[in-house]
Structure formats: structure tokens, C-alpha cells
Amino acid sequence: MTSTRKTTEEICQMIEHRSREGKISCAEAHRIAEDTGAAPDIIGKLTDNLKLKLTHCQLGLFGHTPEQKRVAPASDISEDLRTAITGASEDGRISCKAVWDIALRMQASKQSVGNACEGMKIRIKPCQLGAFKSRTSGSR
């Protein structure tokens with residue numbers, strides 16, 4: 001779908017419509033960002049304002065059941081992937097966006113790059129949707 005700018009009210013209605021049982025998945029939140037032309041962090045803030053919980057992080061970091069995390073430390077990491085992650089990280093951290101970019105560039109799954117980061121003990125932060133930030137509403 002071609003992205004078109006939407007009003008905040010229209011975006012909130014879309015978020016509410018696509019949520020289920022007070023939750024919305026990472027993938028769905030990113031689809032809404034793409035569909036509306038809004039930045040992912042704006043979708044995250046609106047989701048938080050609507051008191052919805054983000055689930056099913058595409059990197060496996062949060063929102064999966066029965067465990068919260070699906071990310072598992074990879075032990076066999078290619079040198080190319082290791083170099084890409086190291087080059088995009090700073091002070092033991094790499095952004096979610098950088099992980100997505102590496103996955104796309106290397107034609108790898110987001111989860112596998114997340115697993116490599118976990119295996120290299122590199123924290124993935126910040127989240128594009130703003131998860132892991134302290135919020136005044138406390139819903140995440």
C-alpha cells in the first residue's frame with residue numbers, strides 16, 4: 001500500500017481497529033507506520049497513549065508467550081555478520097533500525113540478526129517503536 005499522511009485521530013482509529021485484546025504486534029505497528037506515513041516512534045507513542053501493549057517483537061526481544069523473549073544467543077555467527085553488527089554498534093548497543101538494515105542488506109531474518117547480537121552480548125536499543133523507554137503512563 002502506498003503511504004499517505006493521516007491525521008493523528010485517523011492513525012489512532014487504525015491502531016485501535018488493528019489491535020486485539022489490548023495488544024498490537026510489532027509487525028502490525030510497523031505496517032500502520034508504513035500505511036500512514038507516520039514514523040514508527042509516533043505509532044509507538046500513540047499505542048502507548050491508547051494503553052495498548054506492544055507484542056511479538058520481530059527481533060524476539062519482548063511480547064512472546066509463554067516466555068517473554070524468543071531471542072536466543074547465536075553461537076555460530078558468520079564473520080560478515082559479526083563485522084556488520086560490530087560496525088553498527090557503539091558502547092555495546094545497536095539500534096533496532098540498524099539490525100533491520102543489516103538483515104535486509106545481508107538477506108537474513110531479523111530474528112537471526114537479533115540472535116547474533118544476543119550471542120555477541122550487544123544490546124538492541126533503542127526500539128523503533130519506543131519500547132523499553134520509561135513512559136509516564138507506565139503501560140510498557
* Members of segment 36-52 found to be more than 23 Å from Gln111 (Cβ to Cβ) and not hydrophobic (A, V, I, L, M, F, W, C), listed by number -> Thr36, Gly37, Lys45, Asp48, Asn49, Lys51
* Just checking, which of Gly44, Gly22 is under 21 Å from Pro126 (Cβ atoms) and either in contact with a Leu (Cβ under 8 Å, 6 or more places away or on another chain) or of a type outside the set (A, V, I, L, M, F, W, C) (or both)? -> Gly44
* Asked: When residues of segment 19-49 are filtered for being touching a helix residue (DSSP H, G or I) at 6+ places or on another chain (Cβ under 9 Å), of a type in the set (A, V, I, L, M) and surrounded by fewer than 17 Cβ atoms within 10 Å (Cβ to Cβ), how many remain?
  -> 1
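Residues are listed down the side, and each one gets a yes or a no for (1) modelled with pLDDT of 95 or more; (2) surrounded by 14 or more Cβ atoms within 10 Å (Cβ to Cβ):
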| site | (1), (2) |
| --- | --- |
| Ser89 | yes, yes |
| Ile94 | yes, yes |
| Gln107 | yes, no |
| Lys110 | yes, yes |
| Ala116 | yes, yes |
| Phe132 | no, yes |
* For segment 50-75, how many residues are loosely packed, with under 15 Cβ neighbours inside 10 Å and modelled with pLDDT of 95 or more? -> 1
* **Residue within segment 13-24 that is closer than 18 Å to Ser95 by Cα, touching a Gly at 6+ places or on another chain (Cβ under 9 Å) and either part of a helix (DSSP H, G or I) or modelled with pLDDT of 95 or more (or both) present** => no
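The values are calculated or read from the model by the stated rules, or taken from the named source; none is laboratory data. Since the structure is predicted, the reported quantities are computational estimates derived from the model, not experimental observations. We place every Cβ from the backbone using ideal geometry, glycine too, and count neighbours over all the protein chains shown.
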